[in-house]
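Taking it in order: structure first as structure tokens, then the write-up.
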Amino acid sequence: MKIIAAVPNFSEGRRLDIVDEIVRVMSETPGVKLLDKESDPDHNRSVVSLAGDPDSVLEACLAGVRKAVELIDLNKHEGQHPRIGACDVLPFVPFGDSTMEDALMLAEKAGKVIAEEMGIPVYFYEEAAKRPERADLPYIRNRQFETVRDRVAEDPDLEPDLGPKALHPTAGAVMVGARKPLIAYNVNLGTSDVKVAKAIANRIRGKEGGFKYVKALGFELKDRGIVQVSMNMTDYTGTPLHVAFENVRMWADRYGVPVVGSEIVGLTPARAIYDVAEFYLRLENFTDNLILEKKLTEGETLEGYISSLAAATPAPGGGAAAGLSAAQAFALIAMVSGITLKSKKYEEHWEEMRKVRSKAREKMALALRLMKEDEEAFNNFMASYKIPKEDPDRTAKIQAALVAAAEVPLESMRLAFSGLDLTDAINKHGTQQAVSDAASAVLQLRTAFFGAKLNVLINVMNIKDEGFNKKALAEVEKMQKEFVTRAEEIYNEVEAKLKK
């Protein structure tokens, strides 16, 4: 699975309502998961981490940039951290089956939209850099918004890679990049003398002869009365966290100041923390397989789920499998609509396809949730039989568990039924190069619909509430008649197109 992470930095860390609004528009993008947000009032900066499929992450980041342009004025911004834009940096990081080429492609797309549609200059950095010297983020950014604003028109060294040769009057410019996972790691010192932090940063900074994968600056944290050595660890395997920490501590001792703590801003790969534990605890033969959480989450893979479905246990069973079929159907719909949005040939249908893609992603998430709820409902039903027979409410509790177990697959039927409109839309207005996937989606919806129906029936058999049974079975019968007719129509339309 291709997963891209993005870690946009915004030049606002004090007005948290502004930060929340930016994060909201990003996190509401379907297909994106908000991983973390950190706001620092001294730096007056917020770091947001999110991940998802490449197209969704790109959409979310562009929404965040637009909102930052609307809400942040760099002319009124002050903070310890260098900055050049309202959305200051926008790096894309490959994970899963994604490659650096995938991240580079997103950086190019993001840069083009920011420059051409928003009128904001773009500088590419790290792997996306167009000039070798700009691979280093500070090369442009450390000159700060005010300096670049005043000199960009006449200084060739500051000419943007894309967009106008003048900074946006309030939003500045955006540094767009593609890079490996980076760890923002800070060490705090028990002194108010910022010269100490700057001197230590200079000692350990890679380009000054320190550690190759360390970029460091010294800052004053006025609110706390201390200073900070702020580092970007660009390759934690080349320079581990504990190496940076120990060297900052060594130099702090030379200056006669204590280390009062350290912090990670944003997220970090687990391996980086394992390396620290291995070093300080002197663990022998340490491997990731010793981590309890790693073992607990292994079953969350598709392979793990299929293995659990094949196990000689009643749950997960057919109801959960129906949920997976529905999820696959909506994933196919999202895929076809997404491909359509990339083709100028179907431009007149883009607005419809955007809505279809958004709804398909929402329903895909719901299908996955119903998978788990079906398993939980069955387990709760089985647990109800363990209620002591002397409990006067035992029968009522068993019946309540049965009703709950029937309601979940009934909801799955409704979900599968709702997918027909979306499937019909991609059949009629989606790219015809992927029209076979519309038919495949119909087949997955059909499997989900009838798989869920059987689970409704097997539960209704034992439910004593005649009112519930009558209502549920009437709904099943009504849905089925329309579902079969419409599903067959869509499938036959697709098959006819493929036979021409």
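When GLY430 is tested against (1) more than 28 Å from the chain's Cα centre (by Cα); (2) closer than 18 Å to ASN492 by Cβ; (3) surrounded by 20 or more Cβ atoms within 10 Å (Cβ to Cβ), exactly one condition is not met: (1).
Just one of (1) surrounded by 16 or more Cβ atoms within 10 Å (Cβ to Cβ); (2) among the hydrophobic types (A, V, I, L, M, F, W, C); (3) modelled with pLDDT of 95 or more fails for ALA272. It is (3). Number of residues in the range 304-348 that are hydroxyl-bearing (Ser, Thr, Tyr), farther than 17 Å from ARG369 by Cβ and in contact (Cβ under 8 Å) with a residue 12 or more places away in the chain: the value is 4.
For the range 407-420, a tally of residues being over 27 Å from the mean Cα position of the chain (by Cα) and crowded, with 24+ Cβ neighbours inside 10 Å returns 3.
The residues of the range 326-347 that are surrounded by fewer than 24 Cβ atoms within 10 Å (Cβ to Cβ) and hydroxyl-bearing (Ser, Thr, Tyr), listed by number, are SER343, TYR346.
Applying the condition of being without any contact (Cβ under 8 Å) to a residue 60 or more places away in the chain and of a type in the set (S, T, N, Q) to the range 460-495 and asking which residue is surrounded by the fewest Cβ atoms within 10 Å (Cβ to Cβ) yields THR485. The residues listed here are ASP157, ASP150; of these, the one that is more than 20 Å from ASP73 (Cα to Cα), free of Cβ contacts under 8 Å to residues at least 12 places away in the same chain and part of a helix (DSSP H, G or I) is ASP157. When THR313 is tested against (1) at pLDDT below 80; (2) under 30 Å from ASP437 (Cα atoms); (3) of a type outside the set (A, V, I, L, M, F, W, C), exactly one condition is not met: (2). Please tell me if LEU445 is surrounded by 20 or more Cβ atoms within 10 Å (Cβ to Cβ) and either in a helix (DSSP H, G or I) or modelled with pLDDT of 90 or more (or both). Taking the combined requirement at face value, the residue satisfies it. Within the range 393-405, one or more residues are in the same structural domain as GLU495 (by TED's automatic domain parsing), buried (at least 24 other Cβ atoms within 10 Å of the Cβ) and either acidic (Asp, Glu) or touching a residue at least 40 places away in the same chain (Cβ under 8 Å) (or both).
When the criteria are applied in full, VAL65 meets the requirement of being closer than 26 Å to LEU167 by Cβ, touching a residue at least 60 places away in the same chain (Cβ under 8 Å) and part of a helix (DSSP H, G or I).
Only one of ILE183, ILE200 is modelled with pLDDT under 95 and of a type in the set (Val, Ile, Thr). Can you tell me which? Checking each option against the conditions leaves just ILE183.
Looking only at the range 12-59, filter to residues that are part of a loop (DSSP other than H, G, I, E, B) and touching a helix residue (DSSP H, G or I) at 6+ places or on another chain (Cβ under 6 Å); which one of those is surrounded by the fewest Cβ atoms within 10 Å (Cβ to Cβ)? If we take residues in the range 12-59 being part of a loop (DSSP other than H, G, I, E, B) and touching a helix residue (DSSP H, G or I) at 6+ places or on another chain (Cβ under 6 Å), then PRO30 is surrounded by the fewest Cβ atoms within 10 Å (Cβ to Cβ).
Residues of the range 77-122 that are β-branched (Val, Ile, Thr), within 26 Å of THR268 (Cα to Cα) and over 18 Å from the mean Cα position of the chain (by Cα): ILE84 alone. Only one of the listed residues (ALA377, ALA367, ALA383) is among the hydrophobic types (A, V, I, L, M, F, W, C), surrounded by fewer than 16 Cβ atoms within 10 Å (Cβ to Cβ), assigned by TED's automatic domain parsing to the domain that holds ALA331 and in a helix (DSSP H, G or I). That residue is ALA383.
Each residue in the range 338-356 was checked for being part of a helix (DSSP H, G or I) and out of contact with any His (no Cβ under 9 Å at 6 or more places or on another chain), and 9 of them qualify. Scoring PHE211 on the criteria (1) closer than 22 Å to ARG83 by Cβ; (2) surrounded by 18 or more Cβ atoms within 10 Å (Cβ to Cβ) leaves a single failure, condition (1). Of the numbered criteria (1) buried (at least 23 other Cβ atoms within 10 Å of the Cβ); (2) within 30 Å of LYS222 (Cβ to Cβ), the one ILE114 fails is (2).
Every residue in the range 1-11 that is farther than 15 Å from PHE92 by Cβ and part of a strand (DSSP E or B), please. Answer for the range 1-11, where residues must be farther than 15 Å from PHE92 by Cβ and part of a strand (DSSP E or B): just PHE10.
With respect to the conditions (1) within 10 Å of the chain's Cα centre (by Cα); (2) over 27 Å from PRO160 (Cβ atoms), ILE4 lacks only one, and its number is (2). Here ILE72 meets each of (1) at pLDDT 95 or above; (2) out of contact with any Phe, Trp or Tyr (no Cβ under 8 Å at 6 or more places or on another chain) with one exception, condition (2).
Scanning the range 250-274 for residues that are small (Gly, Ala, Ser) and either without any contact (Cβ under 8 Å) to a residue 60 or more places away in the chain or touching a His at 6+ places or on another chain (Cβ under 9 Å) (or both) returns GLY256, ALA270.
The values are calculated or read from the model by the stated rules, or taken from the named source; none is laboratory data. Worth saying up front: this structure is predicted, and the values here are computed from it rather than measured. Counting neighbours? That spans all protein chains shown, and the Cβs are built from the backbone with ideal geometry, glycine included.
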